[in-house]
Amino acid sequence: MRTYKVGYFVGSLSSASINRTLSRALIRLAPQDLEFTEIPIGNLPLYSPDFDGDYPPEPKALKDAIAASDAILFVTPEYNRSIPGALKNAIDWASRPYGNNSFDHLPAAVIGASPGKIGTALAQQSLRAVLSYCNARQMTAPEAYVTFSPEMYTADGDVSDEATAAFLTDFIRDFRVHIERVLTVIPRP
Ligand SMILES: Cc1cc2nc3c(=O)[nH]c(=O)nc-3n(C[C@H](O)[C@H](O)[C@H](O)COP(=O)(O)O)c2cc1C
């Protein structure tokens, strides 16, 4: 049985990020044949087309990490009803230089947690529009808008609430099915 390499972005730079906790929960609940590697975004300079001819080491490493992934998972907070600037900056780097878009045909999924009731719904809509333009092959269902209750999670991502654990398990299993489907039709180069 083959394994699938999932690179994941946490859209938060916070040392106490609830979205990082959510990413740990998803990794714990995921099928055994998904291998997860975080792709860091906190050390990237701000993107400028001036770098297109010669990318600095951090954005080069970002593009290499995406190239080494079979699929990408975004676990992101909502900032002012959109995605955090740090995550958008990372996506902009990865989408360039023109003609070398790292997301082209890449299986992708989006999830996010917020203390608020709409659970990053608007950030995810923004992110989906960006990923659509980048030609990523997004899982469109199920959607996953997580209202984060700290008492339900340990810092390493153990989920005590059964219904939440079942929902997250279904989400990440469905992502595995989505990855397999996309890669069957569009194998990674
Ligand atoms: C600049 C900023 C903007 C925010 N905007 C939103 C928002 O639009 N919607 C929302 O639900 N929460 C918003 N929040 C609250 C975040 O959901 C909360 O800080 C959450 O913990 C961020 O995720 P993280 O812990 O993974 O960094 C905002 C927080 C910050 C710092």
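The values are calculated or read from the model by the stated rules, or taken from the named source; none is laboratory data. No experiment lies behind these values; they were computed from the predicted model shown. Glycine gets a Cβ as well: all are built from the backbone with ideal geometry, and neighbour counts include every protein chain shown.
Observations on the model:
- Odd one out for S14, checked against (1) in contact with a Phe, Trp or Tyr (Cβ under 8 Å, 6 or more places away or on another chain); (2) within 16 Å of the ligand (Cβ to nearest atom): (1)
- Total residues in region 135-161 satisfying the condition of being assigned to a strand (DSSP E or B) and of a type outside the set (A, V, I, L, M, F, W, C): the figure is 5.
- Hey, Y98 out of contact with any Pro (no Cβ under 7 Å at 6 or more places or on another chain), under 30 Å from P187 (Cβ atoms) and not hydrophobic (A, V, I, L, M, F, W, C) or not: yes
- Residue list for region 99-117, filter: crowded, with 24+ Cβ neighbours inside 10 Å and part of a loop (DSSP other than H, G, I, E, B): L106
- When R81, R28, R2 are checked against the criterion of being charged (D, E, K, R) and either within 13 Å of the ligand (Cβ to nearest atom) or within 22 Å of S126 (Cβ to Cβ) (or both), R81 stands alone in meeting it.
- Checking each residue of region 79-91 against the condition of being outside any helix (DSSP H, G or I), of a type in the set (D, E, K, R), modelled with pLDDT of 95 or more and crowded, with 18+ Cβ neighbours inside 10 Å gives no match.
- Verdict on D54 being charged (D, E, K, R), surrounded by 12 or more Cβ atoms within 10 Å (Cβ to Cβ), farther than 19 Å from R137 by Cα and at pLDDT 95 or above: no
- Restricting region 31-54 to residues that are within 12 Å of the chain's Cα centre (by Cα) and part of a loop (DSSP other than H, G, I, E, B), the residue that is nearest to the ligand (Cβ to nearest atom) is I41.
- Residue list for region 162-189, restricted to those being part of a loop (DSSP other than H, G, I, E, B) and either loosely packed, with under 13 Cβ neighbours inside 10 Å or not hydrophobic (A, V, I, L, M, F, W, C) (or both): P187, R188, P189
- Within region 135-155, the set of residues being within 30 Å of S102 (Cβ to Cβ), touching a residue at least 40 places away in the same chain (Cβ under 8 Å) and touching a Ser or Thr at 6+ places or on another chain (Cβ under 8 Å) comprises V146, F148.
- So Q125, is it within 16 Å of the ligand (Cβ to nearest atom), among the polar types (S, T, N, Q) and at pLDDT 95 or above: yes
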